[in-house]
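Just so it is clear, none of the values below were taken in a lab; they were calculated from the coordinates. Because the structure is a prediction, the values reported are computed rather than measured. Ideal geometry is used to build each Cβ from the backbone, glycine not excepted, and the neighbour counts take in all protein chains shown.
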């Protein structure tokens, strides 16, 4: 019987000429040394006040850190930047996934920089519920705006704690304002309660819609409509132009069903095509009209003061929650009580009271 011939694997690496070293050891050492050297709080503050985007990014990374050691340094940077903040207008933009938020923000942001504005985009990105990693797709989608020297885009993972992300976004606004950005755009995830959180930190709230997708009825929901200062029907191009005009009429009718805003502003409805960059200038005219009104009647300052008070209370709530769950004794007791609750040995309410009583001892 003939012996079967064994063929060598195509994946086998044959001996050959040794490849040259493509990475210089000196370059590696320089990079490692650079990474080890962390800038001081004062260096970050000086960089931000000079308009340095790298210092701004590093500072935002610092305030997003969950490392307790970074908290004091982050607070030092924020407190030093506070006197240079509050000199911008803050615009919140929301809409369901697929409405074209990123395309709209790129077109809108590019228009603003073309008229001399400095624009910072803070985008809260969805996180994977499985891996907890962020998609962080905004920088990929906003190809032109990310290269604009007068624009800054910062995506942040939404994670599991909406309150925590909202607080960090609020602090990021302060840093961006101190860095010289006069127009701050906050993009929401577009799902659930994130709109409420963003509404509490912006001056103007813009709701993006699309026509012909069953979205008109969703838009008439009381909560989101009451928050909106303007409704923009996007993708009003091609075959969608007629549908967009019809949707505009329907939304205008719906707005009349709601009570007048305390700001005295009457919400406007308009259409645009972010893809074709049509109607963007008229949206800025609406926003400018709003700011002229609220700055003249005192509502702008009143709302900012109310927001500051709200965020003080929210920060207390968030800090108490974080402190509670990181308390050494509570961590141990929590695991014991979780098992006891699962085994029906104690009610969830009694277990919660027991833990709280221990915490406030």
Pull out the extension gain between residue 331 and residue 306, defined as 0.36 nm times the separation in residues minus the alpha carbon to alpha carbon distance; nm, one decimal. 5.5 nm
Restricted to Cα positions, what overall size does region 246-361 have along the principal axes? Three whole-Å values, descending. 61, 34, 31
Relative contact order [Cα under 8 Å, 6+ residues apart], region 37-83, whole percent: 37
Can you put 281, 229, 239 in order, fewest other beta carbons within 10 Å first? 239, 281, 229
Convex hull per residue volume in Å³, alpha carbons only, for region 58-127: 121
Subtract the Cα-Cα distance of residue 27 and residue 87 from 0.36 nm times their separation in residues, and report this length gain in nm to one decimal. 17.4 nm
I want to check the label-to-label distance for residue 239 and residue 349. Put each point 7 Å from Cα in the C-beta direction and report it in nm to one decimal. 5.7
Descending Cα extents along the principal axes, region 314-359, whole Å: 35, 19, 16
By Cβ neighbour count within 10 Å, fewest first, 256, 199, 326 rank 256, 326, 199
Take the Cα atoms of region 37-83, find their three principal axes, and give me the spread along each one in whole Å, biggest first. 28, 24, 16
